[in-house]
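Here's the structure we're looking at; comments come further down.
Taken together, the values in this text are just the output of simple stated rules run on the coordinates, not laboratory data. No experiment lies behind these values; they were computed from the predicted model shown. Glycine also receives a Cβ, built like all others from the backbone with ideal geometry; neighbour counts cover every protein chain displayed.
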Amino acid sequence: MQLFLDTASVQEIKAANAIIALDGVTTNPTLIMKEGRNYNEVLKEICSIIKGTVSAETVSLDVDGMIKEGIAFSKIAKNIVVKVPMTVEGMKACQMLTKKGIKVNVTLVFSANQALLAAKSGAFFVSPFVGRLDDIGKIGMDVVREIKQVYDNYNFKTQILVASVRNPIHVLDAAKIGADIATVPYSVFEQLFNHTLTDVGIKKFLEDWEKVPKKR
Ligand code: E4P
């Protein structure tokens, strides 16, 4: 499974990428708002660091606006993927951008039927939001499982990008289901490395090492 970082922070991307090579990055308007920087400038910088895809989100609600924004994003770097929302206009834009050779990430997906439509519209990525489904008392991972089944049934090539990840269990479940990608906030990325028994084990080994006779 590929691991993306879900952030618009260049600092977080550099820090994570120094530990393991990230497979990609996803951004959205909320994430760029937190940075207080120009979106295009940040995208350009991220694309110069990351070899994999970098998803950039459109904000227009109509197909013409989405296409205009998508084309502009695609000129920033070769590895840009354009995010459009799962709406009727978004699916029209998805088909038109895909025909132009621009990869599309269909975002704000909350059901397998929406994912089916995204795949039929030629989406490169589909982004089911597991955390936001959990927040309203649904089981987000059930939707990922359903999408995987539907895509496997019909051999759709659209990659499942598990988004709105809130904890390491989401990452593990995504991998068990066979999702193509999980995009994780930096806090979850850090958590993936940790285990209490690893810390306890290191402490014990160091204590025991102190008791080993050393050569003078
Ligand atoms: C990524 O593509 C999504 O925009 C992001 O994962 C949404 O996460 P959130 O539900 O925590 O805002």
Considering the range 1-46, residues that are among the polar types (S, T, N, Q) and within 11 Å of the ligand (Cβ to nearest atom), and then whichever is surrounded by the fewest Cβ atoms within 10 Å (Cβ to Cβ), we arrive at THR30
In the range 64-85, anything under 19 Å from ALA115 (Cα atoms) and surrounded by fewer than 23 Cβ atoms within 10 Å (Cβ to Cβ) is listed as PRO85
### Task
Report whether or not GLY137 is closer than 21 Å to GLY52 by Cβ and away from the ligand (no atom under 15 Å from the Cβ).
no
Picked from the range 112-123 (must be under 18 Å from MET141 (Cα atoms) and more than 16 Å from the ligand (Cβ to nearest atom)), the residue surrounded by the fewest Cβ atoms within 10 Å (Cβ to Cβ) is ASN113
* Do we find a residue being part of a loop (DSSP other than H, G, I, E, B), under 13 Å from the mean Cα position of the chain (by Cα) and aliphatic (A, V, I, L, M) anywhere in the range 21-42? -> yes
Across (1) under 21 Å from LEU3 (Cα atoms); (2) within 13 Å of the ligand (Cβ to nearest atom); (3) over 14 Å from the mean Cα position of the chain (by Cα); (4) not aromatic (Phe, Trp, Tyr), ILE49 clears everything bar (2)
ASP180 passes all but one of the listed conditions (1) of a type in the set (Asp, Glu); (2) within 16 Å of the ligand (Cβ to nearest atom); (3) under 25 Å from CYS94 (Cβ atoms); (4) surrounded by fewer than 17 Cβ atoms within 10 Å (Cβ to Cβ); the exception is number (4)
